[in-house]
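K.L.:
My questions will all concern the structure given below.
The values are calculated or read from the model by the stated rules, or taken from the named source; none is laboratory data. In this text the structure is predicted, and so the values were computed from the model without any measurement. Note: ideal-geometry Cβ built from the backbone for every residue, glycine included; neighbour counts use all protein chains shown.
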Amino acid sequence: MKISYNKIIMDNTVGSLTQLQRSLIIGSVLGDGHIRIMPGRKDAFLEVNHSIKAKEYVDWKYFVLKNICNSEPKERETNEGRHAYRFFTKQDKEITEIYNLFYRDGKKIIPKELEINPIVLAVWLMDDGSKSNGGVYLNTQQFSMLDQRRLLHKLREIGLRARLNRDKKYYRIRFLKESIPKLIEIVQPHIIPSMMYKIEL
C-alpha cells in the first residue's frame, strides 16, 4: 500500500524520533494509544491497537513509525469476539520520555508541558474524535476533570474554543460551533482519506 504524506518534512538527527513520529505518538497517547514499560526493562514502547475497520489508519501509523518497529500490524480476535488490528514499536528512550510525561502510576494524565500542534490534534481527532448533530467531540472520558480542563486550556492556546459536554455520567470535549471551521482548517491537511468522515459535517 502506498501512502503519501507530503505536508510534513521528516527531518531529524540519526537515531531520534522525527517531529512527525513524536507528534503521532503524542496524539495517539491523547487518544487510543498506550505506552508501556515491561517489568525489568528500562525503556517504553507504544502499542497501536484499533478495530480492523481502521486498518488503513493503523497501516498509516505503521508507515510513519516503521523504522522503530520490529514487525508489521497483525489482525487478532479479542476475548469479546471483535477483530482488532495492532502493532508495537520497539522500546525507545524517547518514547520513555513521553511515557514519563503522560503517565502517573500507570494511568494517563495531561502534563503541563503538553504542546498541541496540527499533527497532534489531527491524530487525536482520528483516534478519539466523533461528530453528532453538527457537533465535533473528543472522547476524553478517560481523563480526570482537572486534566480535561487543562486540555480545554491547551486548545484555547491554539485558538480553538471548546467546553465539557456531559456524556451519561462522564464528560467529553465539545468544540464550540464557531471554532469548528478553524478546527477543520488546522487538521484537514493531516487527516488520511479513510478518516475524513470525522470532519465532514
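K.L.:
Does K42 satisfy the criteria of being touching an Asp or Glu at 6+ places or on another chain (Cβ under 6 Å), surrounded by fewer than 14 Cβ atoms within 10 Å (Cβ to Cβ) and touching a residue at least 40 places away in the same chain (Cβ under 8 Å)?
P.N.:
no
K.L.:
Also, I was wondering about something else. What about G159, is it at pLDDT below 95 and either exposed (fewer than 12 other Cβ atoms within 10 Å of the Cβ) or assigned by TED's automatic domain parsing to the domain that holds V64 (or both)?
P.N.:
It is false that G159 is at pLDDT below 95 and either exposed (fewer than 12 other Cβ atoms within 10 Å of the Cβ) or assigned by TED's automatic domain parsing to the domain that holds V64 (or both).
K.L.:
Could I ask something else about it? Looking at the range 147-158, is at least one residue more than 15 Å from G31 (Cα to Cα) and among the β-branched types (V, I, T)?
P.N.:
Within the range 147-158, one or more residues are more than 15 Å from G31 (Cα to Cα) and among the β-branched types (V, I, T).
Residue-wise test of (1) outside any loop (DSSP other than H, G, I, E, B); (2) aromatic (F, W, Y); (3) in contact with a helix residue (DSSP H, G or I) (Cβ under 9 Å, 6 or more places away or on another chain); (4) within 23 Å of L125 (Cβ to Cβ).
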position: L24; (1), (2), (3), (4): yes, no, yes, yes
position: D32; (1), (2), (3), (4): no, no, yes, yes
position: P39; (1), (2), (3), (4): no, no, no, no
position: F45; (1), (2), (3), (4): yes, yes, yes, no
position: K55; (1), (2), (3), (4): yes, no, yes, yes
position: D59; (1), (2), (3), (4): yes, no, no, yes
position: V64; (1), (2), (3), (4): yes, no, yes, yes
position: E94; (1), (2), (3), (4): yes, no, yes, no
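K.L.:
Say whether the condition of being over 17 Å from the mean Cα position of the chain (by Cα), at pLDDT below 95 and closer than 21 Å to E72 by Cα is met by at least one residue in the range 15-25.
P.N.:
So far as the range 15-25 goes, yes, one or more of its residues are over 17 Å from the mean Cα position of the chain (by Cα), at pLDDT below 95 and closer than 21 Å to E72 by Cα.
K.L.:
Look at the range 45-66 and say how many of its residues are out of contact with any Leu (no Cβ under 7 Å at 6 or more places or on another chain), touching a residue at least 12 places away in the same chain (Cβ under 8 Å) and either not hydrophobic (A, V, I, L, M, F, W, C) or not assigned by TED's automatic domain parsing to the domain that holds D92 (or both).
P.N.:
Result for the range 45-66: 9.
K.L.:
Same structure again: Output the number of residues of the range 88-128 satisfying the condition of being touching a residue at least 40 places away in the same chain (Cβ under 8 Å) and either at positive phi or surrounded by 15 or more Cβ atoms within 10 Å (Cβ to Cβ) (or both).
P.N.:
27
K.L.:
Of R149, R82, which residue is more than 14 Å from the chain's Cα centre (by Cα), within 22 Å of R174 (Cβ to Cβ) and not hydrophobic (A, V, I, L, M, F, W, C)?
P.N.:
Within the list R149, R82, the selection yields R149.
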